[in-house]
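Heads up: the structure comes next, in structure tokens.
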Amino acid sequence: SDTTVGLSTASADGEFRQFGTDTKITSITIPAGQSSVKVDYYDIRGGTQTLTASATGLTSGTATATVIPDTTPPVTSMTTGTPKYQSGVTIYVSGSTGFTISATDDASGVKETKYKVDGGTWNTYTSEFALSTLSDGSHTIGYCSSDKAGNNEAEKTLTIMLDKAPPALSGASPMGSLI
């Protein structure tokens with residue numbers, strides 16, 4: 001039959017989570033015919049922590065985990081697609097230019113990446129975006145990430161010059177008819 005195992009830790013800040021998720025748990029069910037299941041353990045308190053697993057009718061088991069706390073926020077970068085043109089520090093883009101954001105975190109993993117345009121509301125980044133609905137001129141994109149340990153990266157910004165108007169041709173010569 002299935003076995004329900006209670007999970008506990010000596011750390012006031014420690015918690016168990018379903019394997020590969022952010023769902024907090026205090027027990028896990030081992031299906032009949034299996035001898036183990038995976039769980040994740042998170043803790044912000046550094047040092048060696050004692051973990052205990054117990055089930056009715058079985059001897060409790062303990063293990064120790066050495067926790068190295070994650071105190072470093074993720075690192076986020078933005079890539080500007082094409083078309084674009086750079087003159088000095090000014091980046092010119094069209095309404096169809098895509099912006100891609102990526103983030104890395106070497107410990108607990110990236111939880112969320114956000115961006116905003118011209119100081120507006122934060123949007124959760126899910127895929128490449130363009131600025132086709134905005135007017136021509138200078139715009140600032142703010143972006144940052146947070147990790148699963150709760151570390152928040154300081155906002156980074158990229159200022160671009162949006163130019164959606166095609167060039168106009170004037171004063172072309174020769175004019176008239178050629179024979």
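The values are calculated or read from the model by the stated rules, or taken from the named source; none is laboratory data. Nothing here was measured: the structure is a model prediction, and the numbers come from that model. Ideal geometry is used to build each Cβ from the backbone, glycine not excepted, and the neighbour counts take in all protein chains shown. Heads up: the accessible areas ignore ligands, DNA and RNA and are worked out on the full protein's heavy atoms, side chains in. Shrake-Rupley method; radii C 1.70, N 1.55, O 1.52, S 1.80 Å.
How many percent of the accessible area of the chain is carbon or sulfur, using a 1.4 Å probe? Present the calculation step by step, with values, prior to reporting the outcome.
Working: 5820 of 11370 Å².
Summing carbon and sulfur atoms, their accessible area is 51 percent of the total for the chain.
Would you mind checking which residues have amide H under 5 Å from Ile91's amide H? H placed 1.01 Å from N; only 5 or more apart, or other chain.
Met161
Just subtract the alpha-carbon distance of Ala32 and Leu169 from 0.36 nm times their residue separation and send over the number in nm, one decimal. Write down the numbers at each step before the final one.
Values: separation 137, 0.36 × 137 = 49.32 nm, distance 7.74 nm.
The span from Ala32 to Leu169 would gain 41.6 nm if fully extended.
Remind me, relative contact order of the stretch 104-146 in percent, using alpha carbon pairs under 8 angstrom and six or more residues apart?
On the way: 46 pairs, mean separation 21.7, N = 43.
Worked out over the stretch 104-146, it gives 51 percent.
Excluding ligands, DNA and RNA, what is the solvent-accessible area per residue of the chain at a probe of 1.4 Å, expressed in Å²? Don't skip to the end; give the middle numbers.
Details: 11370 Å² over 179 residues.
Each residue of the chain exposes 64 Å² on average to a 1.4 Å probe.
Between Ser87 and Ile25, what is 0.36 nm times their sequence separation minus the Cα-Cα distance? Round to one decimal in nm.
16.9 nm
Which pairs break 29 Å Cα to Cα here: Lys38/Lys114; Lys38/Lys148; Lys111/Lys164; Lys38/Lys111; Lys84/Lys148? Write down the numbers at each step before the final one.
On the way: Lys38/Lys114 31 Å; Lys38/Lys148 19 Å; Lys111/Lys164 34 Å; Lys38/Lys111 21 Å; Lys84/Lys148 34 Å.
Result: Lys38/Lys114; Lys111/Lys164; Lys84/Lys148 exceed 29 Å.
Provide the solvent-accessible area of Lys116, counting protein heavy atoms only and rolling a 1.4 Å probe, rounded to the nearest 10 Å².
Approximately 40 Å² for this residue.
Calculated FRET efficiency, Thr4 and Thr71, Cβ-Cβ r, R0 35 Å, to nearest 0.05?
Numbers: r = 35 Å, r/R0 = 1.00.
The calculated FRET efficiency here is 0.50.
Return the inverse of the average 1/r over all pairs of distinct C-alpha atoms in the chain, which is the Kirkwood hydrodynamic radius, in Å to one decimal.
Values: mean 1/r = 0.0479 Å⁻¹.
After inverting the pairwise mean of 1/r, the radius is 20.9 Å.
Using the basic label-point model (7 angstrom from Cα toward the beta carbon), what is the Glu112 to Gln18 distance in nanometres?
2.0
So if we plug the beta-carbon distance of Thr126 and Thr157 into 1/(1 + (r/R0)^6) with R0 = 22 Å, what FRET efficiency do we get, rounded to 0.05? Mind dumping the intermediate values first?
Details: r = 20 Å, r/R0 = 0.92.
So, using R0 = 22 Å, E works out to roughly 0.60.
Please report the spacing between the Cα centers of the stretch 3-71 and the stretch 109-125 in Å, no decimals.
Cα centres, the stretch 3-71 to the stretch 109-125: 32 Å.
So what is the relative contact order of the stretch 1-143, in percent, for Cα pairs below 8 Å that sit 6 or more residues apart?
Values: 253 pairs, mean separation 23.3, N = 143.
Taking the mean separation of contacting Cα pairs over the length of the stretch 1-143, I get 16 percent.
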